[in-house]
1. Restricting attention to strands (runs of 3 or more DSSP E) lying wholly within the stretch 10-77, give those where 1 or more residues are closer than 28 Å to T92 by Cβ, in contact with an Asp or Glu (Cβ under 7 Å, 6 or more places away or on another chain) and open to solvent by 70 Å² or more (accessible area, probe 1.4 Å).
2. Go over the candidates E209, E259, E272, E268 one by one and state the one that is touching a strand residue (DSSP E or B) at 6+ places or on another chain (Cβ under 9 Å), charged (D, E, K, R), surrounded by fewer than 21 Cβ atoms within 10 Å (Cβ to Cβ) and closer than 28 Å to L316 by Cβ.
3. Restricted to the stretch 382-408, and to residues that are over 19 Å from N340 (Cα atoms) and not in a helix (DSSP H, G or I), which residue is most open to solvent (accessible area, probe 1.4 Å)?
4. Determine which member of the set A234, A228 is open to solvent by less than 10 Å² (accessible area, probe 1.4 Å) and farther than 30 Å from I280 by Cβ.
5. With respect to R509, is the statement that it is buried (at least 24 other Cβ atoms within 10 Å of the Cβ), under 22 Å from R585 (Cβ atoms) and either at pLDDT below 95 or among the basic types (K, R) (or both) true?
6. Scanning the stretch 473-485 for residues that are under 28 Å from L216 (Cβ atoms) and more than 11 Å from the chain's Cα centre (by Cα), which turns out most open to solvent (accessible area, probe 1.4 Å)?
7. Return yes when I369 is in contact with a strand residue (DSSP E or B) (Cβ under 8 Å, 6 or more places away or on another chain) and surrounded by fewer than 24 Cβ atoms within 10 Å (Cβ to Cβ) and no when it is not.
8. Scan the stretch 615-649 for residues that are in contact (Cβ under 8 Å) with a residue 40 or more places away in the chain and among the charged types (D, E, K, R) and jot them down.
Amino acid sequence: SLPIPLQAGEARHLPLRDLRLRYVDHEVVTDAQPGLSPTHGLPVRETGPRETLRVRLQDPVQAFFVTLCYRLTPEHDIIERWCELHNAGQDTVSFEICYFASLHLPGGANELTYVSGTWAREFTTHRERLAPGTHLIESRNLQTGHVANPFFFLNRPGQAWEETGVVYFGALAYSGAWQIAVEQLPTWDVRIHAGYHPFDFQLDLAPGETHVTPALVCGVSPDGWGGASRRLHAFTQDRVLPRSPQGPRLRPVLYNGWEATYFALSYESQAELARKAAAIGVELFCIDDGWFGARRSDDAGLGDWAVRADAFPQGLEPLVAEIQRLGMKFGLWIEPEMVNPDSDLYRQHPDWVLHFPARERTEFRHQLILDFGRAEVVEYIFNRLDALVERYSIAFFKWDMNRLATEPGSVVGKAIWRQHVAGVYAIMDRLRRKHPTLDIQSCSGGGGRIDLGILARTDQVWVSDNTDALDRIRIQEGFSLAYPARCMEAWVTHARNHQTGRILPLGVRFDVAMRGALGIGSSLNELDDAELAEYASYIAFYKRIRHVIQEGALYRLERLEEFQGSAIEYVLPDGREAVYAVALRDYQIGSYRPSPLLKGLIAGATYTVSDRCDQEVFRASGYELMTMGLPHAGNEQVGYSQTLYLKQV
Ligand code: DGJ
């Protein structure tokens, strides 16, 4: 239906395989929402209206409109940019590539900071100068993925540092296959294209249909990489993370028994752990994998969300009652997108999994992925989870997702890449709408599902299965580039770490885990009374300072790349309280470290600096602390760590 009649032979040139866009009109509206915005109805911390500029463009020869949307959050210098695609013609329009935004950055902004990873090595920071051409940061999964995370920082080489220099930044609010293409043109201009991954992508818009993409959250910091992080953190805290009015203001101290018991669950072992956990100050007790179906190892049971009778002969009710009697909330692990072939669900519905007909169904960790392109599957999973919440008064789900898609065949074809994400979001939103006090932790074999899309419907994320404190310093530093400490669940685990075998003192394990939302994953049943008392003392300390960690602004005073250690500071907005945390990951005899200078304090105020035992160890003015720093304890070596609390007198 082109406006100009076709010439002879031209039909073979159709369909038009490009899109030209010309300005039509624009408007400023309030309360516009990007695609896949949460529908759970829970408020965020700042609910004030925001303006969105909508610029409407049209193809000159096709009845096809693209509206570029820019929602502003001026207090955090953030722009969310998304597109609305509308087909007003009479033919279906197919897209093979669709980004949420393309940014044209000033020439020369070609030093790129991003993260890569694998299981147990998430969030490894890279900083490199772009070569001419295109650098791809991407992930082709049904979840955000381990190999990269969807955010970037860009600056002129040598003209930005931790606290100074101009840094452009962006992060995708989307939890599926994504791509950020950073293109350096021969002119030194830099283009960023960020959105759906083009691999195996197809979006068909029938006549009259509209597609709204999720957003790229972006901005520019005049205060270096630290300023970019703080803008993203504040935006996430205020405008992304859900805040149930009935929920806790601060993240509770969690116990998770995965590394303590793995699949060997029983009422007795869990009840004993719960009693010890409550005694040391834990507030939320979560039972991990293994409580359901025929789940005695990872080769059976996924999909059968009914309590395992051999582990809990009386059901879960007595354990839930005991946990609540002890004053803790009850949490449960689930992996609802998955099924083991050895499960009743799969035996009943072998057609409910992603697969290509006649091809082998590749298993990973003995599991297959449910087809969330089927509305009946999404409905089934919602009903199973809803029933669990009702029956066991669940306050917290640890929502896991442990495999990649290898044969992504679905009843919805290529659209499964987007539909899977939409299905996960829909279940989470519906659960939270129905159960406003339910919290959710996003987990995907560690940190495989962390992004601003999932954070809009979860309260915290599991950053890595690697709980070794020294490895964790690096992982957490990479995480902190984009995401705030409040949602960074971090556990203290056994003295000999299960992933690395390294033995570390309790102090460093706590000092690193206390940098986020503290959790405990050690086998408490193996600790003696003196060790449990140490745990209790750290947890009590954490409770005294967590409002600063979870709500303060983060300064990375010393980064690993410079000092083989990390010193960070959290400061409340009024500058009256701060937390200083240092941990050394590497050390060479004879290398000295200058005292890091603190930030964000009130120059004329006096601060007491106190340790975990509430002992004052130092007293100084904000000016001294910001110009001379804290004195070193001396005797620093690998694993040296300390956490101090600063309070204005
Ligand atoms: C992967 C998670 O990251 C772990 O914490 C644990 O929950 C296991 N899955 C359980 O299978």
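1. Details: elements: 22-30, 51-58, 64-73.
Ranges flagged: 51-58.
2. Among E209, E259, E272, E268, only E259 is touching a strand residue (DSSP E or B) at 6+ places or on another chain (Cβ under 9 Å), charged (D, E, K, R), surrounded by fewer than 21 Cβ atoms within 10 Å (Cβ to Cβ) and closer than 28 Å to L316 by Cβ.
3. Here the answer is S393.
4. Unique residue meeting the criteria: A228.
5. Judged against the criteria, R509 is a match.
6. Looking at the filtered set, the residue picked out is R474.
7. no
8. Within the stretch 615-649, E636, K647 qualify.
The values are calculated or read from the model by the stated rules, or taken from the named source; none is laboratory data. The shown structure was predicted, so the numbers you read here are calculated from the model rather than taken from an experiment. All Cβ positions, glycine included, derive from the backbone under ideal geometry; neighbour counts span all protein chains shown. Keep in mind that these areas ignore ligands, DNA and RNA; they rest on the heavy atoms of the full protein, side chains included. Shrake-Rupley method; radii C 1.70, N 1.55, O 1.52, S 1.80 Å.
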